[in-house]
Amino acid sequence: MDMENATKRSRQDYIWNTTAGLINAAEAVIMSMIVTRITNLSDAGMLTIAFAIGNLMMTIGKFGVRNYQVTDVEQRYSFAVYVKSRLITLLLMIIASMSYLGYAYVILGYNYYKIGIIFAICMIYAVEAAEDVVWGYYQRLGYLAVGAKMFCSRWTGILVSFVIILCVSRNLMITLLICLGVSILVLCFTLGRTYNRYCMAQDRKVLHSVGTVHFSQMKDLLWNVFPLFCSTFFAFYVNNAPKYAIDAVMTDEVQACYGFVAMPVFVIGLLNGFIYQPTLVYMSIEWNEGKVDQLLHRIKRQILIIAGLTGGCLTGAYVLGIPVLSLLYKTDLQQYKAELMLLLVASGLLAASGYLGVVLTIMRNQKKMMAAYGVISIIAFVTVKYIVSLYGTLGAVMSYMMLMLLLCIVYSVILHRCLKGIKS
């Protein structure tokens, strides 16, 4: 009976976690499709940059703690330490969000309507960052599906409210601010229904325990995950650097169109992940046992798979990409065909760099990865805005593709040196 329960729980974990992943990937796409049909293209552009900024800010709120928390099987840190640390990072997230909006108002000339839209999205993601620490706690206890159901419930509430309120109000800012309220209410409701049922006895009054957590414990935890945070923050920045540049020098309508054609960028990486995820354990064993030739063969084979996926996606996109995207977003995107094709090339490079990053993580080279992404982030910050001001969306796409190519080259050099060091 215990084995049956374990199998059933594992199946539920897989189903609900996959569902949450799909919702997470589709939330921006769904909301953009709705906006283009109910309001206008300018609103869709504001929503696009709001998601780009909100996701970047959420990396501050989550601070790369989730994977560390889930794998803390020895309970080096209590749940109270994780909660209090999350309160600190949430405060930093809110300060960073407000600081950016202040900068955007003064320097970029944002109006209150656009500020309100971005503020609402950032705060919706702040709620998500708060939920994430509980989801990680449930996952560590073996209740991954419970946290995934919380996530699905909250975003279902947001999306349903979004459609209804936007149809009535025709005002994106008001709609998103109400959705923020819905997000908070659903989180409170799901926490009330689940926490006492699934938490450990010593964590039943975790909010009382938070006050007894020493600063040294939080500092130790946050310092341990700091490289993970930096890598994630830099990755989000580089991936969205063209959107920030378009926001600075072009119109919201152009931002919307770029966001529409950029939507398939993560498709190749997603497909690639389904292929290599089951092999991670074998790769770890091969590395730990010094079977370098086997590992290298596996890496080369996966890079060829990525090349094949990229070629297939390019072929499909050349024939169907623009018509399908134009239909989805109810916008004529014919003039962006070159951008779509180049973005798919960049998507293949992104998938390759992501895979090489996984390999380097197995080899425990996170700090080198952080340094590589840090340097590329600086290059993006210095160059992309200027290139976009000269060449528009084509410049945005070209600069993004070159950044991904540079990241692949740097990761390949690091990987080559690691393998060469083992062989010698």
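The values are calculated or read from the model by the stated rules, or taken from the named source; none is laboratory data. Predicted, not measured: the structure shown is a model, and the values here were computed from it. All Cβ positions, glycine included, derive from the backbone under ideal geometry; neighbour counts span all protein chains shown. Note: areas computed on protein heavy atoms with side chains; ligands, DNA, RNA excluded. Shrake-Rupley method; radii C 1.70, N 1.55, O 1.52, S 1.80 Å.
Remarks
- Segment residue 214-residue 73, extension gain: residue separation times 0.36 nm, minus the distance between their alpha carbons: 48.7 nm
- Three-way shape call for the range 324-399 based on the alpha-carbon gyration tensor, with the a/c threshold at 1.5: oblate
- Two-site label geometry, residue 320 and residue 207: point separation in nm, points 7 Å out along Cα→Cβ: 5.1
- Averaging 1/r over every pair of different alpha carbons in the chain and inverting the result gives a Kirkwood radius of 22.9 Å.
- Lys, Arg +1 and Asp, Glu -1 on Cβ, resulting dipole of the chain about Cα centre, debye, nearest 20: 680
- Heavy-atom accessible surface of the range 1-85: percent carbon and sulfur, 1.4 Å: 57
- Result for the chain in a Gaussian network model with C-alpha springs under 10 Å: among 228, 325, 304, the largest mean-square fluctuation is at 304.
- With 5 Å bins beginning at zero, the pair-distance distribution over Cα atoms of the range 291-347 amounts to 4, 18, 21, 17, 12, 8, 8, 6, 4, 3, 1 %.
- Of the whole protein surface, residue 289 contributes about 110 Å² of accessible area at a 1.4 Å probe radius.
- Rounded, prolate or oblate (a/c below 1.5 giving rounded, otherwise prolate when a/b exceeds b/c) for the range 204-244 by Cα gyration tensor: prolate
- GNM flexibility winner over the chain from 241, 307, 380 (Cα, springs under 10 Å): 307
- Value of relative contact order over the chain, rounded to a whole percent, pairs C-alpha under 8 Å and six or more apart: 21
- Accessible area per residue, Å², the chain with all protein chains present, probe 1.4 Å: 48
- Calculated FRET value between residue 335 and residue 301, using beta carbons and R₀ = 35 Å, to 0.05: 0.35
- Over the range 1-143, volume per residue of the alpha carbon convex hull, in Å³: 109
- Low-density loop cleavage sites - trypsin sites (Lys or Arg not before Pro) in the range 63-146, where at most 14 other Cβ are within 10 Å (DSSP): 76
- Expressed as a whole percent, the accessible surface of the range 254-364 that belongs to carbon and sulfur atoms is 68, based on a 1.4 Å probe.
- Cβ-Cβ FRET estimate between residue 280 and residue 198, R0 fixed at 30 Å, reported to 0.05: 0.60
- Difference of contour (0.36 nm per residue) and Cα-Cα distance, residue 188 to residue 375: 63.3 nm
- Here is what passes the span test in the chain: the DSSP H helices with alpha carbon length of 18 Å or more along the helix axis and a Kyte-Doolittle mean of -0.5 or above are 2-38, 41-62, 79-103, 112-140, 144-169, 172-198, 215-249, 292-316, 337-362, 366-423.
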